[in-house]
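The values are calculated or read from the model by the stated rules, or taken from the named source; none is laboratory data. Quantities reported herein were computed from a predicted structural model and do not represent experimental measurements. Note that we place each Cβ from the backbone using ideal geometry, even for glycine, and neighbour counts take in every protein chain shown. The area values use the complete protein model at the heavy-atom level, side chains included, leaving out ligands, DNA and RNA. Shrake-Rupley method; radii C 1.70, N 1.55, O 1.52, S 1.80 Å.
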Amino acid sequence: MIPEITLTAWQILLVKIGVILAIVPTMTLVAGYAEHKVMAHLQHRLGPMYPGGFHGWAVLLADGLKFLYKEDIIPERADRRVFSLATFAIFVPAVMVYLVIPVDRSLIVEDLDVGIFYLLAISSVSTIGILMAGWSSANKYALIGALRAGAQLIAYELPIVLSAAVVVMLSGSLSLVDIVEAQNWPFLIWPPGIGLIAFLVFTMASVAELTRPPFDMPVAESEIITGAFTEYSGMRFIFSFFFPEVANLVAFAAIGATLFLGGYQPIVPLGVLEVIPGFVWFTLKTAFMVFLFLWIRPTFPRLREDQLQKFAWKVLIPVTLALILVAGAWVLYAPEALR
Amino acid sequence: MAIDQQRVGDRTPVHDPAEIAKIVSGANLETEQMVLNVGPQHPATHGVFRLLATIDGEVLVDAQPIIGYMHRGYEKLVEARDYRQITNLVSRMDWLSGINNELPLHLCLEKLMEIEVPERAQYMRVVMLEMNRILNHLMFFASFGAELGAITPTFFAFREREDIQLALEMATGGRMHFGFFRPGGIREDVPRGFFAQALKGVRQVMARLDQYEDLLVGNEIFKQRTIDVGVLDKEIAYNYGVSGPIARGSGIDFDVRKDEPYLVYDRFDFEVQSAPNGDCFDRFWVLVREVVESAKIVEQAIEAMPSGPIMGKVPRVIQAPAGEVYVRTENPLGELGFYLISDGDRRPYRLKIRTPSYNNVSVLPHVLKGQMVADMIAILGSFFFVLGDIDR
Amino acid sequence: MPVIERGDVGHVRERLDSDFGTRLKDLRINHGHLDVIVQPHDLVELVTFLRDAPGLRFRFFTFLSGVDRSAFGPEDAEDKPHPLEVLIHLYSPDHVLHVTIHVPVDPADPVCPSINRVFAGALWHERETHEMFGIDFDGHPNLSNLYLPEDFEGRPLLKSFKLPSRMVKDWPGAKDPEEAAAGGR
């Protein structure tokens, strides 16, 4: 018998904050390590092997420690307040995304009624932080990078929102738990029929949203030297660039898994598979998505800024608009086919 | 993989500043031009090279290369050193192809002093020159990919380089600056196992190159980034004295090894690769194909390797008789020429070093005007220059 | 127009002899390349002719540099060469021909016409020659330093400019092989 614990609302909040603050950095470290290793093995090399003993598992801890010891440099002509605020404007949303992701049927920090709306809104707040960072650095490369990031995130926000809208229309709810519950279709990618297209659009737009290759012009290291973060150093660099990048990577993988891959549900609704707990399914699906994102990076060269914009406005957005039409017709004329 | 003779349709428009100004004024928008300093420390410049770029949004209105950060004054230094010392000095000009830099000096001396170089030494030189060329080309294969954001080719190319690097290390003891040629021959005979290692290296490159080529040349994004970008016209290339893979990418099929064979290059069967369009894609394509040609030469040279001495009859003190001679050789990056003026001393009276990258880079303002910032990186990468080779 | 064989320098020599005749001094063939000496005022015309004349087409610009011959040979030699000259090398890719143009300039007032309108590639070479030898190129748009810092004094490649390390210890030092051999190793 588990003794019943009653907690006040404040205590519950504190526990939730504690859980989030423990889980997000751990996820980030695991994903960061995975990025090292996956990329290394795709490139015929071993990657980190020494830190920590077993296959270099502690490499990111060592890296973090190194950054901790570095000098924190703020350029003389930078706008100091905006410069340091930008870190928070980027870091905080990256953590807050995790609040509404349902890891299991009841394992969720806060099941908001407008969960998906919140998710998409909060994940684009960091754009403001990037613009702040680029503007306040008093560096031309940073400025170019920030403006590229701004333009790119606006362009790719739309396909993400629109492809999510397709899911919302067919599931009939904005709550993420409801969306997952609605995915009882015995197939991998939901919604049926048009799901694969929506999923591909979502994945591509996510890569752009995460500013990862081949859509990494805002941070392209051989052109504008990590763009908006050129002037950031030490711990500030970790918290404004590296950490949010990996945290967002996992977040988008989780969102993809939730919206399209059935979240915590088994891949096929079979009684036997129901035995495996939901969070295991969720973790597996998220890991698959993370691998997908990591796989893309060493495979492609970088696009150019105008090609990227063309791709968003001329291909992805029309496709998702067409998908919304199809989904609308579906809900209107054959709603029973969904159940 | 064959190259299209003429590509039509879907040409990326070159962004004409005047045209942009027209659009901007029509929309009643004012934009300010911004001067952007690319370098002297910038990852795309492979060293201390500075590009003063005036940009309007993402478009380059003007670009002026500024060089001289690596100037070491070789032309003055060689006047105070004797010929043996110069061997090691000049190999540091283009540090990616050290042994290729040593060659023209010795050819100059052998011409002036009328030294007969034994066959074995000549073949050995060819083997090493071509292996060095492969190393150099693979390096640029790697760096060009990296500049376009493709990180994987870098690691592939470096893995291939290693076997060839090892062969050269066996013979010379060096990995970058070999110092292996001597007037009249080479320093010493190669150790046992050298030929096997060299053959292993070049055969591996030949076997795997297609795969690597597909990784970049066959990639749709790569094509979009490079085709019709940074077009260098044939006549302009001549006018600026552009040579090497960059000139051959513009439809000029000259190669000193074919036109005026030195050493024993006339005995080997190889082709001069050239491509007609003059854009980044063609320059890169030529570079990659040349690796195969070099590998073919190495194979043939090792098969036909004669035995015998490795040094000709050379006086104990190297002292060129008075005279002037210009010797040009095909460096991996283009025509490397030494104009040697000797007054009969043990030192050169004057040694004019004509390096390929110097002429190649001087054409950059011409090519860069009206391009986008992202293309600028692709163009800089496709001009395959080494800073030490520009500044000397 | 007779067909020219690859590398037939003799033909270039005849052409230049007939078209420029008296204005060119000393047409020599040296190691397969043609050496031409031309006065500065005829330079642009000659270069343009070499570039455009059918059958010659020296359209590949190899290099432009200078030579300070003031210290050439023994000091008491009878036949001293001209002390300062501009050196231009052109190549004809169509016919595999080389020509080296020597332009003697006055060492007291070194001026030479710029050939950048004929070969745009000469721009950098002329800047370099200007800073290294102090030769002015008439008609060059920008003769600022290419390599050296703005406040650098002296013309490094002139023979009168001594390397600081060689001023301290003249070359060759005691480590010269002959001296070492004389000392019985």
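Observations on the model:
- √(5λ) per eigenvalue of the Cα gyration tensor, the protein assembly as shown, largest first, Å: 62, 29, 27
- Karplus-based coupling profile of the range B:158-167, in residue order and whole Hz: 5, 5, 5, 4, 4, 5, 5, 4, 5, 4, with θ = phi - 60° in 6.51 cos²θ - 1.76 cosθ + 1.60 and x standing for Gly or Pro.
- Using alpha-carbon coordinates, inclination of helix B:373-382 to the longest axis of chain B, degrees: 20
- Chain pair B, C: total accessible area buried, heavy atoms, 1.4 Å probe, Å²: 4400
- Charge context of residue B:123, other residues only, Cβ under 14 angstrom, K/R +1, D/E -1: -3
- Shielding by other protein chains, C:109-122, mean Cβ within 10 Å: 2
- Placed amide H near residue B:182: partners under 5 Å, 5+ positions off or other chain: B:187
- Close amide H pairs (under 5 Å, H built 1.01 Å from N) link residue B:331 with B:336, residues at least 5 positions away or on another chain.
- If only the Cβ of Lys and Arg carry +1 and only the Cβ of Asp and Glu carry -1, the dipole of the protein assembly as shown around its Cα centre is close to 1720 debye.
- Rounded to the nearest 20, the Cβ-based charge dipole of the range A:9-338 about its Cα centre (Lys and Arg +1, Asp and Glu -1) stands at 700 debye.
- Under Karplus coefficients 6.51, -1.76 and 1.60, residue-wise ³J(HN,Hα) of the range A:230-243 in Hz, glycine/proline x: 3, 8, 7, 9, x, 4, 4, 5, 4, 7, 9, 10, 5, 4
- Over the range A:9-338, the ratio between the Cα radius of gyration and 2.2 N^0.38 Å evaluates to 1.01.
- Counting lysine pairs in the range B:74-391 whose alpha carbons fall under 15 angstrom apart, excluding pairs fewer than 8 residues apart on the same chain, gives 4.
- Sparsely packed trypsin sites (Lys or Arg not before Pro) within the range A:86-166, loop by DSSP, other Cβ within 10 Å at most 14: none
- HN-Hα J in Hz across the range B:178-195 - Karplus 6.51, -1.76, 1.60, θ = phi - 60°, x for Gly and Pro: 8, x, 9, 8, 10, x, x, x, 10, 5, 7, 6, 6, x, 5, x, 5, 5
- Each Lys and Arg Cβ is given +1 and each Asp and Glu Cβ -1; about its Cα centre, the range B:74-391 then shows a dipole of about 920 debye.
- Working value for chain B: equivalent-ellipsoid semi-axes of 39, 25, 17 Å, each the square root of 5 times a Cα gyration tensor eigenvalue, largest first.
- For residues of C:62-70, the mean tally of beta carbons on other chains within 10 Å: 5
- When you count the other C-beta atoms within 10 angstrom of each residue and take the mean per peptide, B:207-214, C:96-103, A:31-38, B:136-143 line up highest first as B:136-143, C:96-103, A:31-38, B:207-214.
- Averaged over peptide B:339-351, the number of partner chain Cβ atoms lying within 10 Å of each residue's Cβ comes to 4.
- Which of B:151, B:195, B:238, positive extreme of dipole for the range B:116-263 (C-beta unit charges): B:195
- Highest mean packing comes first when the peptides B:194-206, B:358-370, A:320-332, B:280-292 are listed by Cβ atoms within 10 Å, giving B:280-292, B:358-370, B:194-206, A:320-332.
- Residues in the range A:1-139 average 63 Å² of solvent-accessible surface per residue, probe 1.4 Å, ligands and nucleic acids excluded.
- Among the GluC sites (Glu not before Pro) found in the range C:3-84, those both in a DSSP coil and sparsely packed, with 16 or fewer other Cβ atoms within 10 Å of their Cβ, are C:5, C:75, C:78.
- Summarising the amide proton neighbourhood of residue C:60: residues at separation of 5 or more, or on other chains, whose placed amide H is nearer than 5 Å comprise C:91.
- Dipole of chain B computed with +1 at Lys/Arg Cβ and -1 at Asp/Glu Cβ about the Cα centre; of B:339, B:65, B:207, farthest Cα towards the positive end is B:339.
- Efficiency of FRET from Cβ geometry, residue B:66 and residue B:214, R₀ 30 Å, rounded to 0.05: 0.20
- C-alpha long axis of helix B:280-303 to longest principal axis of chain B, angle in °: 20
- When you count the other C-beta atoms within 10 angstrom of each residue and take the mean per peptide, B:244-252, B:66-74 line up highest first as B:244-252, B:66-74.
- Set of lysines near residue A:66 by C-alpha distance (under 25 Å), chain-local residues within fewer than 8 positions excluded: A:37
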